[in-house]
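Only one structure is covered here, and it is reproduced in the block below.
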Amino acid sequence: MTSAEITAEGIWLTDPPNEPVMVHFDGRYLWSFTPARDGARQGRVLVSWPGNLVRFLDGVTRLRLQSVDGETVWFDAEHRFGTSTDRVAVVNRAGEPLSVDKVGHLGRAFLETPDEIKREILVATQEVLTVLREETGVDAYLCYGALLGAVRNGKMIGHDSDVDLCFYSHKTTPVDIIRESYRVERIVRTKGWTVTRMSGGDIKVVRVLSGERKCHIDIFGAFTIPGGHGEGGRTFYQFGNRSGSFDAEADLLPLGTVTLEGLEFPAPKNPEAMLAFVYGPHWKVPDPSFVHRDNPIGVVRLNGWFRGFRDDLPAWNDVYDQRAGDVPRAASDFARWVAEQIGPEDKIADLGAGTGRDTRYFAKTGHAVRAIDFSRRSFARTRRIAGEVRADQTMFNELRRVLVLGARLARNPRHLYARHLIGCLDAEARTNLYRLASVALRGGQAMFLEFQATAPGAPVPQPVGLVRRLDADLIAAEITAAGGRIDYRETVVGADMFDDPDPAVCRMRVTWPAPKKESK
Amino acid sequence: MVNATGEKAKDVARKIRDKVRGTKAFDRSLRGRVAALEAELEADRQLHRKIAELSDVVAELLVPMQDRDEKQVRELLSQYRKTI
């Protein structure tokens, strides 16, 4: 007999059911899980609350645990989290109810979405598909939850919260597949839609609906590459991370159609085969707690070929969301130290501008500043700073963006200012930074670096896992090897990004002597 | 006779091979080599994205830049940045 106890940690189940459990708060769907997969056995089984849900858990709610069809109810009672006597409200800023999706993100489930908004989302999806098919010429199709809903009963899946599209590339080499994805992105951008590149093989389009609502549509690449773990000496891949045996010639192309909420969409020729590939042989049985179990070999390949330029971005966005208030607004000591060494009219590029505290200082003291960071959270802050400030989003692991930034800076010379940046960069990104400096500093400007250096007994830097201490000798050697000249170097007692004291902060002033021209 | 000798030699070889395979040194060395191979393979995989990025810059920027018109180059850079 299943029984449940609710705590701040999670849901404790005695004799847990061997099927998905749906969690409702005040009669609204919130989350689902499968005890055997998601729980930890500690006598009873504990299924922890998803990380994104925890901050909402303060107050009272009618909590119900039920089966997918709702016929079995394992728990249904008022429960109080924390100290608040308000009803628990898992909502977005507009007050709209959110639920936890299969990757742990909070989204707006279709179950709670008004019909007219669902219609808008589907029309926006059709428009994106039309651009993909007619303007980029690729075979684009509806996939994942939307396809599943269309095939099951022609309706959107209630617990789903987004619409995913895929397109099949006939290229068979990763480099060509990436270039095709770039080409598709360029054409999609001409529509004025906001596009974010998630990897070399997938992009995300943001469509603005009525009432400033936004809907995110993923455009995933799919392709077949010789070799790998698929049958017949070739492997079919489909972003996010699906890979294995799927015969695109037999079951995907030429595309057919499916009907979803009364609208027609292009779909795999044999949608059932695609659904079996994506969700496994039991795809017909509804399971809102479903999570993909991807082949690890395929994931390693996809990561190596297509990813690696924005790995830390989600974690940094969390830092901006949760800890931006811990970063002082006043200028850092390093900024003041740099200001003493540059001309009053000199322009500056603040690399890794973060919350923009030093961008603000330089702008306020009359410098033209270009604020550069890889996070849109930073971009959103720095672009609002008063003064002669231009904000830019650049990932130091993405070579083409670095090259373009270097070319622009070379035409509009500035000092490069990078406080607590290089400790966040891997070796490839540091190489790109030096490349940028070598191009941008030809006019004699300097690059000012501050980073937490290795030292005996020095604490692990914050935010943990996102910043590393660096050996100052190693950095000096890298810079010299890249053609830079270290004009000044010191390691002092300083501060980290939150202005907490740090025993070993290295400061460097670096210039890049112009390469000698060959005499004729 | 030859066959019997051949079989015996194979037996001896098999025993030696099994013995060597059982040693930690071999195990370590093989694991080490596989790890090194995996790291090199990963580095090779990452080249795909680098080449894609470089060839994108060359195709979209450097080739049209050959006329060296500064104003056009600025516009081209600005335009290119908007598409990535």
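Have a look at A:Asp38, A:Asp15 and point out the one that is modelled with pLDDT under 95, more than 23 Å from A:Val103 (Cβ to Cβ) and charged (D, E, K, R).
A:Asp15
Need the failing condition index for A:Ala349 against (1) at positive phi; (2) touching a residue at least 40 places away in the same chain (Cβ under 8 Å), just the number.
All conditions pass for A:Ala349, except number (1).
What strands (runs of 3 or more DSSP E) completely inside region A:124-209 contain at least 3 residues that are farther than 18 Å from A:Ala267 by Cβ, under 20 Å from the mean Cα position of the chain (by Cα) and within 11 Å of chain B (Cβ to nearest Cβ)? Before the answer, list the steps.
On the way: elements: A:139-143, A:163-168, A:194-199, A:202-208.
The qualifying strands (runs of 3 or more DSSP E) are A:194-199.
A:Leu399 - would you say it is crowded, with 19+ Cβ neighbours inside 10 Å, within 14 Å of chain B (Cβ to nearest Cβ) and closer than 25 Å to A:Arg310 by Cα? If you could, list the steps in order and put the result at the bottom.
Numbers: crowded, with 19+ Cβ neighbours inside 10 Å: yes; within 14 Å of chain B (Cβ to nearest Cβ): yes; closer than 25 Å to A:Arg310 by Cα: yes.
Yes: the conditions hold for A:Leu399.
So in region A:291-318, with the set limited to residues that are part of a loop (DSSP other than H, G, I, E, B) and away from every other protein chain (no Cβ under 14 Å), which one is farthest from A:Pro50 (Cα to Cα)? Spell out the reasoning first.
We begin by selecting, within region A:291-318, every residue part of a loop (DSSP other than H, G, I, E, B); these are A:291-295, A:307-312.
Of the ones still in play, those that are also away from every other protein chain (no Cβ under 14 Å) are A:291-295, A:312.
Values: A:Val291: 14, A:His292: 17, A:Arg293: 18, A:Asp294: 21, A:Asn295: 24, A:Asp312: 20 Å.
The residue in question is A:Asn295.
If I ask for residues that are touching a residue at least 60 places away in the same chain (Cβ under 8 Å) and surrounded by fewer than 16 Cβ atoms within 10 Å (Cβ to Cβ), which ones from region A:30-44 would you list?
Correct list: A:Arg37 only.
Does region A:210-225 include one or more residues that are within 12 Å of another protein chain (Cβ to nearest Cβ) and touching a Leu at 6+ places or on another chain (Cβ under 9 Å)?
No, because not a single residue in region A:210-225 is within 12 Å of another protein chain (Cβ to nearest Cβ) and touching a Leu at 6+ places or on another chain (Cβ under 9 Å).
Return a yes/no flag: does region A:243-260 have any residue that is assigned to a loop (DSSP other than H, G, I, E, B) and modelled with pLDDT under 95.
If we filter region A:243-260 for residues that are assigned to a loop (DSSP other than H, G, I, E, B), which is where we start, we get A:245-247, A:252-255.
Of the ones still in play, those that are also modelled with pLDDT under 95 are none.
Checked against the condition, which is being assigned to a loop (DSSP other than H, G, I, E, B) and modelled with pLDDT under 95, region A:243-260 yields no hits at all.
Each row is one residue, and each column tells you yes or no for (1) within 11 Å of chain A (Cβ to nearest Cβ); (2) surrounded by fewer than 16 Cβ atoms within 10 Å (Cβ to Cβ).
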{"position": "B:Val34", "(1), (2)": "no, yes"}
{"position": "B:Glu42", "(1), (2)": "yes, yes"}
{"position": "B:Arg45", "(1), (2)": "yes, no"}
{"position": "B:Glu53", "(1), (2)": "yes, no"}
{"position": "B:Asp56", "(1), (2)": "yes, no"}
{"position": "B:Leu61", "(1), (2)": "yes, no"}
{"position": "B:Glu70", "(1), (2)": "yes, yes"}
{"position": "B:Leu76", "(1), (2)": "yes, no"}
{"position": "B:Tyr80", "(1), (2)": "yes, no"}
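In contact with a strand residue (DSSP E or B) (Cβ under 6 Å, 6 or more places away or on another chain) and on the phi > 0 side of the Ramachandran plot: is that true of A:Gly256 in this structure?
Values: in contact with a strand residue (DSSP E or B) (Cβ under 6 Å, 6 or more places away or on another chain): yes; on the phi > 0 side of the Ramachandran plot: no.
It is false that A:Gly256 is in contact with a strand residue (DSSP E or B) (Cβ under 6 Å, 6 or more places away or on another chain) and on the phi > 0 side of the Ramachandran plot.
Out of region A:376-393, which residues are surrounded by fewer than 22 Cβ atoms within 10 Å (Cβ to Cβ) and of a type in the set (S, T, N, Q)?
Within region A:376-393, A:Gln393 is the sole residue that qualifies.
Which of the strands (runs of 3 or more DSSP E) contained wholly in region A:403-520 include at least 1 residues that are touching a Cys at 6+ places or on another chain (Cβ under 7 Å) and surrounded by 20 or more Cβ atoms within 10 Å (Cβ to Cβ)? Steps first, answer last, please.
Working: elements: A:415-419, A:446-452, A:485-495, A:501-511.
Filter on region A:403-520 gives A:446-452.
Restricting attention to region A:88-103, does a residue exist that is under 19 Å from A:Leu63 (Cβ atoms) and part of a helix (DSSP H, G or I)? Reasoning before the result, please.
Within region A:88-103, the subset under 19 Å from A:Leu63 (Cβ atoms) is A:88-91, A:97-100.
The next check asks that each one be part of a helix (DSSP H, G or I); those that pass are none.
Checked region A:88-103: no residue is under 19 Å from A:Leu63 (Cβ atoms) and part of a helix (DSSP H, G or I).
Based on this model, can you work out whether A:Asp471 counts as touching a residue at least 40 places away in the same chain (Cβ under 8 Å) and within 14 Å of A:Gly423 (Cα to Cα)? Spell out how you get there, then give the answer.
Working: touching a residue at least 40 places away in the same chain (Cβ under 8 Å): no; within 14 Å of A:Gly423 (Cα to Cα): yes.
The answer is no for A:Asp471.
Could you identify the single residue in A:Gly343, A:Gly356 that is at positive phi and either small (Gly, Ala, Ser) or at pLDDT below 90 (or both)? I'd like the intermediate steps shown before the answer.
Working: A:Gly343 fails: at positive phi.
None of the others qualify; the one that does is A:Gly356.
The values are calculated or read from the model by the stated rules, or taken from the named source; none is laboratory data. Everything quoted here is computed from the prediction, not taken from an experiment. No Cβ is skipped: glycine too gets one built from the backbone with ideal geometry, and neighbour counts run over all protein chains shown.
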